[in-house]
1. Are there any pairs, at least 6 apart or on different chains, whose C-beta atoms fall under 7 Å, with the first in the range 157-171 and at positive phi and the second surrounded by fewer than 18 Cβ atoms within 10 Å (Cβ to Cβ), and if so, which?
2. In the range 64-97, how many are within 12 Å of residue 12 (Cβ to Cβ) and surrounded by 15 or more Cβ atoms within 10 Å (Cβ to Cβ)?
3. Of all residues in the range 119-133, which are farther than 13 Å from residue 169 by Cα and either surrounded by 15 or more Cβ atoms within 10 Å (Cβ to Cβ) or under 14 Å from the mean Cα position of the chain (by Cα) (or both)?
4. Checking residue 55 against (1) closer than 21 Å to residue 219 by Cβ; (2) in contact with a strand residue (DSSP E or B) (Cβ under 7 Å, 6 or more places away or on another chain); (3) without any contact (Cβ under 8 Å) to a residue 12 or more places away in the chain, which single condition isn't satisfied?
5. If you scan the range 1-39, which residues turn out to be part of a loop (DSSP other than H, G, I, E, B), within 19 Å of residue 66 (Cβ to Cβ) and either within 11 Å of the chain's Cα centre (by Cα) or without any contact (Cβ under 8 Å) to a residue 12 or more places away in the chain (or both)?
6. Of all residues in the range 212-224, which are farther than 19 Å from residue 46 by Cβ and either part of a loop (DSSP other than H, G, I, E, B) or within 20 Å of the chain's Cα centre (by Cα) (or both)?
7. Select from the range 140-155 the residues that are over 19 Å from residue 106 (Cβ atoms) and either in contact (Cβ under 8 Å) with a residue 24 or more places away in the chain or in contact with a strand residue (DSSP E or B) (Cβ under 6 Å, 6 or more places away or on another chain) (or both) and write down the one among them that is surrounded by the fewest Cβ atoms within 10 Å (Cβ to Cβ).
8. Name, by its number, the condition in (1) out of contact with any helix residue (DSSP H, G or I) (no Cβ under 9 Å at 6 or more places or on another chain); (2) modelled with pLDDT of 95 or more that does not hold for residue 8.
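The values are calculated or read from the model by the stated rules, or taken from the named source; none is laboratory data. Computed from a prediction, not measured in an experiment: that's the story for all the values here. So basically every Cβ, Gly included, is an ideal-geometry build from the backbone, and we count neighbours across all protein chains shown.
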C-alpha cells in the first residue's frame, strides 16, 4: 500500500493564482478546497470557476461558504456598489479601493477551523506580493504572524499556512501553472464583469501582462479591444 499523503486545504477563489496553488496542493497532498463568497461583484462567476477547477484537478472534498460581513460593511469597490472599480491606469501608489478590509484573515480562519476537523496540517493560499495590487494581507510577514496565532490558538498547533507563490512574479506564476497543467481556461480574475473579463481593471491588466511576459496566450475571453 502506498503511504497516505499529507492532508491539506487550499483556498480556491477561482482566480489565476489560487488555481496554480490548487494544482500544487493537488500534486503534493491529499487536497480539499475551500471557497468563500463574500458579496463580491463577480461572486457567481468565481464560484463557477471554483467548481470547475476542482473537477479538473480531481479535488473531491469541497466546501463553499458565504461571509455576509463584507457586503454589510462596504468600504471596498469589490463589495460596495457605490464605489466604482477603477481602471488599472487610475490605480496609484496607495492601497487601492479594491482592497477588502482584512479579508484574508476571515478566509484563513475558516480554513483553519476546517483543517482541525479534517486533520489537515497545511493550508495553501495563493497570495502574491510581487506584481500585485499592494494589499497588506498579501505580505509574507502577515502569514508568519498568522502562523503564530494558529500555533497558540488551535488544539494541536500543528497547522501551517503555506504561500508558495508569494515571492514569484506573475509571469513566473503563469509559467509554473503551464508546467503543472493548471486549468487557466477555467479561471476568473476580473473585478467587475462575469460574462467577459473587462481587460482594464487592475486584476485583468496584471493578468494580461503576466501571460504576455510568459510568452503565452490568456485563454479566457476579454471584452476590451486591446490586451495590454
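1. Sorted first by the residue in the range 157-171, then by its partner, the pairs are 157/151.
2. Within the range 64-97, residues that are within 12 Å of residue 12 (Cβ to Cβ) and surrounded by 15 or more Cβ atoms within 10 Å (Cβ to Cβ) number 0.
3. Start the filter on the range 119-133 by keeping residues that are farther than 13 Å from residue 169 by Cα, which leaves 119-125.
Result: 120, 121, 122, 123, 124, 125.
4. (2) is the only condition that residue 55 fails.
5. Filtering the range 1-39 for residues part of a loop (DSSP other than H, G, I, E, B) gives 1-6, 12-15, 29, 38-39.
Retained after the next criterion (residues that are within 19 Å of residue 66 (Cβ to Cβ)): 12-15, 38-39.
Within the range 1-39, 12, 13, 14, 15 meet the criteria.
6. Once the filter is applied, which keeps residues that are farther than 19 Å from residue 46 by Cβ and either part of a loop (DSSP other than H, G, I, E, B) or within 20 Å of the chain's Cα centre (by Cα) (or both), the range 212-224 yields 214, 215, 216, 217, 224.
7. Checked the range 140-155; the qualifying residue surrounded by the fewest Cβ atoms within 10 Å (Cβ to Cβ) is 155.
8. So the condition that residue 8 fails would be (1).
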